[in-house]
Amino acid sequence: MRLLTKLASAFVAGETPDEAMKVVKRLNEKNITGTLDVLGENVTNKEEADRAVQAYLDLLDTINQTRVRSYVSLKLTQMGLDIDDEYCYQNMVKIVEKAKKYNNFVRIDMEGSDYTQKTLDIFYRLHKEFNDSVGIVIQAYLFRSEKDIEDLNKIKARVRLCKGAYKEPPTIAYKKMKDIRKNFIKLAEMLFSNGNYPAIATHDDYLIDWTKNFVKEMGISNDKFEFQMLYGIRTKTQEKLAKEGYNIRIYIPFGTHWLPYFYRRLRERKENVWFVVKNLFKK
């Protein structure tokens, strides 16, 4: 338990909004932006979901008041997706509406494949109403993601592209890293060609270098996209990218639900254990 706490604390920014805000301010001073995530998912009752909604509304107030450079990220199962789709949607309306009022932004995280279509359905409804105040995540290891990117590009949705961290069956997802990287690059090219400010979320040197070379070759300016990484992972690389003039945003989770979040991530895929341990010592 002690080791688990130490590992988790390396990339969870405390339990309170004040602790998380201090992290954002430190990153901002290095010309790095943030996206704050109030930890929690798969809530089973409306009282818990309502508390999560209020936590995000309060967080958006705090971001606006402190003027830190950060938006927010969240999971729909934290907003009641397992309870009722419409209830979840109405909760999201409250959050995105406030974000729009403050000229801020809400990124909807993507969860396991059981939730992919439901998440996209709610995102499309929100995007139709709030446009660029809300964005989505697409996971490169899923076979379906190419079609999803095609559809999202048609409405100029803001997409964060990541490899994917959940354990998925080989019938719907690439399993070998070379295949995941290949599809990631294909999807990234689609986003750079027809998307809207793509977020390239990776700690993989191969994909970071590919992105830097691709945008240079294609004459894509650094203000047309951003890199995204996790808080506490490869901090020297984050700072180096910022110094090189790239937009870099750090995903900053915080809250009291860090233990189930951390344990679940490690349990879902054995690769996640190696990822955490390796990158804690990789700069």
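Residues in segment 126-151 that are surrounded by fewer than 16 Cβ atoms within 10 Å (Cβ to Cβ) and closer than 21 Å to residue 94 by Cβ: 128, 129, 131, 132. Residues being within 24 Å of residue 241 (Cβ to Cβ), of a type in the set (Val, Ile, Thr) and in contact (Cβ under 8 Å) with a residue 40 or more places away in the chain are represented in segment 166-184 by at least one member. Close Cβ contacts (under 6 Å, 6 or more residues apart or on different chains) running from residues in segment 226-238 that are within 14 Å of residue 36 (Cα to Cα) to residues that are modelled with pLDDT of 95 or more comprise 228/199; 228/201; 228/249; 229/238; 229/250; 230/251; 231/250; 231/252. Here segment 205-221 is the region considered, the condition is being of a type outside the set (Gly, Ala, Ser) and loosely packed, with under 14 Cβ neighbours inside 10 Å, and the residue that is nearest to residue 184 (Cα to Cα) is 206.
The combined condition, being touching a helix residue (DSSP H, G or I) at 6+ places or on another chain (Cβ under 7 Å) and of a type in the set (Asp, Glu), is fulfilled by residue 111. Suppose we filter 116, 44 for residues that are of a type in the set (S, T, N, Q) and closer than 20 Å to residue 255 by Cβ; which single one remains? None of the other options fit; the residue is 44. Screening residue 42 with (1) at pLDDT 95 or above; (2) touching a helix residue (DSSP H, G or I) at 6+ places or on another chain (Cβ under 9 Å); (3) farther than 27 Å from residue 197 by Cα gives one miss only, at (1).
So that you can scan it fast, the table gives a plain yes or no per residue for (1) within 19 Å of residue 253 (Cβ to Cβ); (2) modelled with pLDDT under 95; (3) surrounded by fewer than 23 Cβ atoms within 10 Å (Cβ to Cβ); (4) touching a Lys or Arg at 6+ places or on another chain (Cβ under 7 Å):
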| position | (1), (2), (3), (4) |
| --- | --- |
| 55 | yes, no, yes, no |
| 58 | yes, no, yes, no |
| 70 | yes, no, no, no |
| 74 | yes, no, no, no |
| 80 | no, no, no, yes |
| 83 | no, no, yes, yes |
| 86 | no, no, yes, no |
| 90 | no, no, yes, no |
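Taking the condition touching a residue at least 12 places away in the same chain (Cβ under 8 Å), of a type outside the set (Ser, Thr, Tyr), crowded, with 21+ Cβ neighbours inside 10 Å and more than 24 Å from residue 39 (Cα to Cα), does residue 161 pass? Considered against the rule, which asks whether it is touching a residue at least 12 places away in the same chain (Cβ under 8 Å), of a type outside the set (Ser, Thr, Tyr), crowded, with 21+ Cβ neighbours inside 10 Å and more than 24 Å from residue 39 (Cα to Cα), residue 161 comes out as no. The condition of being over 30 Å from residue 172 (Cα atoms), among the aromatic types (Phe, Trp, Tyr) and in contact with a Gly (Cβ under 9 Å, 6 or more places away or on another chain) holds for only one of 71, 56, that being 71.
One residue stands out in segment 37-48 among those that are of a type outside the set (A, V, I, L, M, F, W, C) and outside any helix (DSSP H, G or I): the one that is farthest from the chain's Cα centre (by Cα), namely 45. Taken as a whole, the structure places residue 121 among residues that are within 19 Å of the chain's Cα centre (by Cα) and at pLDDT 95 or above. When the residues of segment 184-211 are filtered to those that are among the charged types (D, E, K, R) and farther than 27 Å from residue 133 by Cα, which remaining residue is modelled with the highest pLDDT? Only one residue fits best here, namely 209.
The values are calculated or read from the model by the stated rules, or taken from the named source; none is laboratory data. Small disclaimer: the values here were computed from a predicted structure and weren't measured. Neighbour counts run over all protein chains shown; Cβ positions are idealised from the backbone, glycine included.
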